[in-house]
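The values are calculated or read from the model by the stated rules, or taken from the named source; none is laboratory data. All figures in this text were calculated on a predicted structure; none of them were measured in a lab. Every residue, glycine among them, receives a Cβ derived from its backbone with ideal geometry; neighbour counts consider all protein chains shown.
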Amino acid sequence: MRKICLLLIALLTLTATAATARAEAQAPLLKLGSQGAAVQDLKTRLHALGYYTDVINDIYGSAAKQAVLTFQQRHGLLVDGIVGPETLNSLDGYGYALTAQELDLIARIIYSEARGESYEGQVGVGAVILNRLTSELFPDSVREVIIQPNAFTVVANGRYQQLEPDDTALQAARDAAAGVDPTEGALFFYNPDISTSTYFDSRIAAVKIGNHQFTF
């Protein structure tokens, strides 16, 4: 009986390994000179994240390679200009391709709420917005998350519409959209030194970045 169990475990392990290998083999490997719908999809995603500004077509040219190199370097991937499974997974991020308008909305919140914070802290604010998209507690669109009553102080007082985000805030929004999350999945943030709200007393702490405490 023990031998049968061991054989079954071995068989299941081999099946899982083979499935993983097949999935990786089926993933598109894109590089300079590649053509097809996968290249066009890649360019669309890189454009949405602010890395690619050239013509969106189905040819992997030098501009696309440079955009991939920059993305890989910024996200700690192997910097080779070749789009394999790891780069594709990182590009997938939250599985939510943001429009330029949505990125601008996130950047406005980042700039209004955290322009004096470190770059990591600014990305963290953007990540909170995107984490809310995957939570049942919040709406499922960027705009609705941002304008939800009492969600952000700067929306309530109108400051986020008055202030133009700088390049740092825009890049922080792009990195958050690409899946960078220094908050470990947090849904809220506040400054414990100036906040007078008791709401956060019952929230579970995630990480503290600069002046902001991020919580669940």
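The lone criterion from (1) under 23 Å from the mean Cα position of the chain (by Cα); (2) surrounded by 14 or more Cβ atoms within 10 Å (Cβ to Cβ); (3) in contact (Cβ under 8 Å) with a residue 40 or more places away in the chain left unmet by ARG159 is number (1). Among residues of region 191-216 that are farther than 17 Å from SER112 by Cβ, those with a beta-carbon under 9 Å from a residue that is among the basic types (Lys, Arg) and part of a loop (DSSP other than H, G, I, E, B) at least six positions away or on a different chain give the pairs GLN213/ARG203; THR215/ARG203; PHE216/ARG203.
Restricting to region 51-71, what's the tally of residues that are crowded, with 20+ Cβ neighbours inside 10 Å and closer than 27 Å to THR168 by Cβ? Walk me through it before giving the result.
Here is the first cut: in region 51-71, the ones crowded, with 20+ Cβ neighbours inside 10 Å are 51-52, 60, 64, 67-68, 71.
Those left that are additionally closer than 27 Å to THR168 by Cβ: 51-52, 64, 67-68, 71.
Final tally of qualifying residues: 6.
Contact map, region 172-190: residues that are in the same structural domain as TYR111 (by the TED database) and part of a helix (DSSP H, G or I) paired with residues that are crowded, with 23+ Cβ neighbours inside 10 Å and of a type in the set (Gly, Ala, Ser), Cβ distance under 7 Å, separation 6+ or inter-chain. Pairs shown: ALA172/GLY126; ALA173/ALA107; ALA173/GLY126; ALA176/GLY126; ALA176/ALA127. Among the numbered conditions (1) in contact with a helix residue (DSSP H, G or I) (Cβ under 8 Å, 6 or more places away or on another chain); (2) without any contact (Cβ under 8 Å) to a residue 40 or more places away in the chain, tell me where GLU144 comes up short. Result: GLU144 fails condition (1) only. Go through the residues of region 74-91 one by one and say whether even a single one is touching a Gly at 6+ places or on another chain (Cβ under 9 Å), modelled with pLDDT of 95 or more and closer than 21 Å to LEU29 by Cα. Yes. Of all residues in region 146-162, at least one satisfies being small (Gly, Ala, Ser), part of a loop (DSSP other than H, G, I, E, B), assigned by the TED database to the domain that holds ILE106 and at pLDDT 95 or above.
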